[in-house]
Amino acid sequence: MSNSYLRLLFLLVLYIISANSSQPYEENYEDAEFTLQVPTLEDTDLDNLLSFSYYRKSCPQFESILHSKVKEWIKKDYTLAASLLRLHFHDCSVRGCDGSILLNHEGSERKSQVSKTLRGYEIIDDIKAEVEKQCPKTVSCADILTTASRDATVELGGPYWSVPYGRKDGKVSIDKEAEMVPMGHENITSLIEYFQSKGLNVLDLVVLSGAHTIGRTSCGSIQYRLYNYKGTGKPDPSLDTKYLNFLQRKCRWASEYVDLDATTPKKFDRMYYINLEKKMGLLTTDQLLYSDPRTSQLVSALTTSSVFEHQFAVSMSKFGVIDVLTGDDEGEIRTNCNFVNAY
Ligand code: HEM
């Protein structure tokens, strides 16, 4: 989100406040006394807005601590980059980007069956511990996760986007709610509806699915495509034959892992879309993006030039501000990302 966009948003807020505080309608114009009420900066609660300079005074070292930690972890294990990005997706998908996925108590989202393969919590804990040492009770876990997923993307060659700060950490996390996150068996209509419910459009769906240019899935979750697809006794016909062969060899055990992007799994690039054109989409939901008329042309457009990288940054900026909590009464700054603060 650019500064000019934020400025525009701020002016819009001022405009709405001034419109609400205007004089009520008076029938007798001549007698009516009009006063123009211009709100001052003090009237406007700036704490309730996200801002790029939010930690500039309170924790100027936040971004560099986070950056070097993310770099260090990914250098040791590059697969953690994808895990961080997915963790952010699951966080924002339930109750907005509020760090609720990080809460580690009985019955929380993290404990749900569908969250079983989420990883990367230890990186967030490591960043948080260092940030707490240098700026106690200042930086939220939600901001840390959002920013870490951006830096992880960049580490694997993906685009950079600016993250505005000021998200508060939520205090509520419920395992059942995690089940609303798409898991790869949906049809395109329900994916479109799901994204729309988050304020995102079809382009965002196709572009954000491009995150599957990195990362992996367990063979168990795709084996149903390999032998007896929908009870036909045959593999999924939408799979390329050579790729099918490869998958049948690779996925003898459900516990094995297989790359979501068969061509350049360590690189954040547009190869994901090129694979879809070649019937090499690993998840059914990936491949459907190329066969459904509502999304196929977008897939084709994203195979060329650097449109994907640019648009991914734009869509992630939208994604990272879903239903954020900003007021003091809405959330808190957790001191440990695993638990709500004790009072
Ligand atoms: C469009 C709907 C989506 C569906 C149906 C979906 C589904 C999945 C599934 C089933 C996996 C494999 C999980 C496993 O077996 O462990 C996965 C992995 C992944 N997803 Fe998605 N996803 C979607 C959207 C997104 C979005 C919007 C992002 C991020 C912006 C994302 C990022 C990732 C990443 C990076 C991985 C790899 C994780 C790892 O290697 O640890 N996904 N996704």
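Read-outs throughout are calculated quantities, based only on the coordinates presented, and are distinct from any laboratory measurement. These numbers come from a predicted model, not from an experiment. Backbone-built Cβ (ideal geometry, glycine too); neighbour counts: all protein chains shown.
In debye, nearest 20: dipole of the chain around its Cα centre with unit charges on the Cβ of K, R (+) and D, E (-)?
Dipole size: approximately 2440 debye.
State, as an integer percentage, the relative contact order of the chain based on alpha-carbon contacts under 8 Å between residues 6 or more apart.
Dividing the mean separation by the residue count of the chain yields 23 percent.
When ranked by the protection proxy of mean other Cβ atoms within 10 Å per residue, highest first, what sequence do the peptides 143-150, 304-311, 252-259 form?
143-150, 304-311, 252-259
Quick one: putting +1 on the C-beta of Lys and Arg, -1 on the C-beta of Asp and Glu, what dipole do you get for region 58-172 around its Cα centre, in Debye to the nearest 20?
Using only the charged Cβ atoms, the result is roughly 180 debye.
Calculate for the chain the 222 nm mean residue ellipticity that helices alone would give, adding -39,500 (n - 2.57) per DSSP H run of length 4 or more and normalising by residue count, nearest 500 deg cm²/dmol.
Estimated from H runs of four or more residues: -12500 deg cm²/dmol.
Under the Kirkwood approximation applied to all pairs of distinct alpha-carbon atoms, what is the hydrodynamic radius of the chain in Å?
That comes to 21.9 Å for the chain.
I'd like the orientation of helix 79-93 relative to the chain: the angle between its Cα long axis and the longest Cα principal axis, in ° from 0 to 90, rounded to 10.
Taking Cα atoms only, the helix is inclined about 50 degrees.
Placing +1 on the Cβ of each Lys and Arg and -1 on the Cβ of each Asp and Glu in the chain, which of Ser64, Ser149, Leu80 has its Cα farthest towards the positive end of the resulting dipole?
Leu80
Relative contact order of region 247-343, please, whole-number percent, based on alpha carbon pairs below 8 angstrom and at least 6 residues apart.
Values: 56 pairs, mean separation 15.7, N = 97.
Normalised by residue count, the contact order of region 247-343 is 16 percent.
What does the charge count near Ala148 come to, summing +1 for each Lys or Arg and -1 for each Asp or Glu among other residues with Cβ under 14 Å from its Cβ?
On the way: positive: Lys69, Lys71, Arg86, Arg119, Lys128, Arg150, Arg167; negative: Glu63, Glu72, Asp91, Glu122, Asp125, Asp126, Glu130, Asp143, Asp151, Glu155.
Spelling it out: positives minus negatives among the neighbours equals -3.
Sorted by mean Cβ packing within 10 Å, highest first, what order do the peptides 221-234, 120-133, 172-185 take?
For the peptides 221-234, 120-133, 172-185, the packing ranking is 120-133, 172-185, 221-234.
Mind checking region 55-84 for trypsin sites (Lys or Arg not before Pro) that DSSP puts in a loop (not H, G, I, E or B) and that have at most 16 other Cβ atoms within 10 Å?
Sparse-neighbourhood loop trypsin sites (Lys or Arg not before Pro): Arg56, Lys57.
Could you put Arg167, Arg294 in order, starting from the residue whose Cβ has the fewest other Cβ atoms within 10 Å?
If I rank by nearby Cβ atoms, fewest first, I get Arg294, Arg167.
Does anyone have the angle between helix 307-319 and the longest principal axis of the chain? Alpha-carbon axes, 0 to 90°, nearest 10?
Once rounded, one gets 50 degrees.
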